[in-house]
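Throughout, read-outs are computed from the coordinates displayed, never taken from laboratory work. These numbers come from a predicted model, not from an experiment. Every residue, glycine among them, receives a Cβ derived from its backbone with ideal geometry; neighbour counts consider all protein chains shown.
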């Protein structure tokens, strides 16, 4: 199985309009955007490195709204170009968006739609995917974003096939990436696509980063739910479920704790999280199993019991569907990547501190090294279930149970 970061491009590229140039890259900045993500395409496409064998791009930094643009630490930026400059670009990059719940300016969305219609390649890094989705450019397409925001993207834009496992997704003329460092991965991929492996490798050496990073976002997934759930009465039920994953209980148990019928609970849970409660619960049990496989010496059978699965067979089935390998193979690969001295037994058992990084620092932690995965076609495994349910079921890399499929929990 591979864990390559790209999905197979499905859309045929439009012919580039005569006024646009392939070598021109426009970067669209907004007030409130984080400076790190914003600087990634500026560094990749805006510095002349021809002496290192990297073909030169021409960079246009465009303000998506009236400036000055405020960014991290209270800094203010003035973009040298406005939205009109996008009309010359063969590639348009949206490195970030300031809020996953507020709509982007309509003028900027119109500029992106027009650029796409005229054959430009449109790129969204991290939360920039929300801008592309708001413009309608991700409808019916596979896409990714930071794993922490993937449930919200799936909920707000149910026609988008959100896959939170990927570092980036290349769908031909529309590309998206996960957070921060994955933006570098996608920009290197663009250089590789345009100019080949040698140019991308030379650029990677200049940036002192791997030319092609293996793996996906699975290693960084945690128990986070969309922020909106924090003030909802269901938050207490969710908290209870996360603290009792080692026990065998089902969705009916959660519905009873919420004093709701199963149907009402399903509807309320889905409206808050974008995920069906059964799939969310399976995903959390698999994530807990993943942590135990990384941090303990429990057998696979013991891990299954400590994560609330009714049998090791159930664990293996759900683990393979969610992470693409068996529990034993996952543990072996994980241990091969990390020296013995770095692995500490979990002294607090299954409810001890999770090994996943803090939501405040989601990019922390070691980079996983995994083998390549054959990209999954849209509507099947990359869709986390049937295509029509993909956006609603996607949560933390989980996969929706197919009709008639038993949960096996």
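Ordered by the count of other Cβ atoms within 10 Å of each Cβ, fewest first, 209, 313, 94, 191 give 313, 209, 191, 94.
In what sequence do 57, 334 fall when counting other Cβ within 10 Å, fewest first? Could you put the intermediate results ahead of the total?
Working: 57 24, 334 20.
With the fewest neighbours first, 57, 334 line up as 334, 57.
A rounded overall shape is assigned to the stretch 25-149, the ratio a/c of its alpha-carbon gyration tensor axes (a ≥ b ≥ c) being less than 1.5.
For the listed peptides 136-144, 237-245, a ranking on the average number of other beta carbons within 10 Å per residue, highest first, reads 136-144, 237-245.
Per-residue counts of other Cβ atoms within 10 Å, averaged by peptide: what ranking do you get for 24-30, 253-259, highest first?
On the way: 24-30: 26.3, 253-259: 16.7.
Highest mean packing first, the order is 24-30, 253-259.
Just rank 54, 123, fewest to most, by other beta-carbon atoms within 10 angstrom.
The order, fewest Cβ neighbours first, is 54, 123.
Between the C-alpha center of the stretch 116-152 and that of the stretch 157-216 there is a gap of 14 Å.
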